[in-house]
Amino acid sequence: MNEIAETCQSCGMPIGAAEDRGTEEDGRPSAFYCRYCYQRGAFTEPGATIETMAAHGGTMMSRLFGIPPGRAGDFVLAQLRPLRRWSGRLVPSCGSCGMPLLEPADAGTEADGSPSEEYCVHCYRDGAFVEPDLTLEACVERAAPLLAAELGMPVDRAREMAAAFTATLPRWR
């Protein structure tokens, strides 16, 4: 498993560039946290709880994407739970759809039958993508109505949210 997280393991923000990373006490880039959450080897808000982080993130998601506030907070809370700061471990996620690989059964399989460390069972089996011709655009179009229904948000905003997230995943870069 990659020991450098591609999303902040405190707030869930994608870490796309070196300057987005927080810093360790000795000045090295943090392997796990973004610059907003972690500086000089310490959390910028050491007293934050998962609930306060979810409330803050929920407010942002509600404003950015038109999600009703209660649903936005619940959604962010669910996204935060598997992160290292809150779960105590680095949980890998699918590089195609983003699903957390919480249990061994969640992992796809390599050609030799071993578990994939990069993709989930829904996206990857026997060493190949289940849908090898799936495009980023088709993936986003499939996810948007599901997100809209689950979060009570407009489909166009769900499409925007899905596109922003999905484009950060390794399969689609």
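Taken together, the values in this text are just the output of simple stated rules run on the coordinates, not laboratory data. Since this is a predicted model, take the numbers as computed values, not measurements. Cβ: placed from backbone, ideal geometry, glycine included. Neighbour counts: every protein chain shown.
Quick rundown of the values:
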{"item": "Pairwise label distance in nanometres, A149 with V130, each label 7 Å out on the Cα-Cβ vector", "result": "1.7 nm"}
{"item": "Backbone HN-Hα couplings from phi across region 49-64 [Karplus 6.51/-1.76/1.60, Hz, Gly and Pro as x]", "result": "10, 4, 5, 5, 5, 5, 5, 5, x, x, 4, 5, 5, 4, 5, 5"}
{"item": "Local electrostatic count, R159, Cβ distance below 15 Å [Lys/Arg +1, Asp/Glu -1]", "result": "-3"}
{"item": "Ascending count of other beta-carbon atoms within 10 Å, so fewest first, for L151, L136", "result": "L136, L151"}
{"item": "Inter-label distance for E137 and T109, nm, one decimal - labels placed 7 Å from Cα along Cα-to-Cβ", "result": "3.4 nm"}
{"item": "HN-Hα J in Hz across region 74-89 - Karplus 6.51, -1.76, 1.60, θ = phi - 60°, x for Gly and Pro", "result": "5, 4, 5, 4, 5, 6, 7, 3, x, 6, 3, 4, 9, 9, x, 8"}
{"item": "Nonlocal amide H pairs with R21, under 5 Å, H built at 1.01 Å", "result": "R35"}
{"item": "Centroid-to-centroid separation of region 13-37 and region 57-92 [C-alpha atoms, Å]", "result": "19 Å"}
{"item": "In nm, spacing of pseudo-spin labels at A48 and R173 (7 Å Cα→C-beta vector)", "result": "2.3 nm"}
{"item": "Stretchable slack from A78 to A55, in nm (0.36 nm times residue separation minus alpha-carbon distance)", "result": "7.1 nm"}
{"item": "Distant-in-sequence amide H partners of G108 (H built 1.01 Å from N, under 5 Å)", "result": "S116, Y119, C120, V121"}
{"item": "Least to most buried among S10, S93 (fewest other Cβ within 10 Å first)", "result": "S93, S10"}
{"item": "Cut-off under 5 Å, modelled amide H: who pairs with S93 long-range", "result": "L101"}
{"item": "19 Å reach of a label modelled at A164, 7 Å along Cα-to-Cβ, counting backbone N of region 80-123", "result": "80-81, 97-99"}
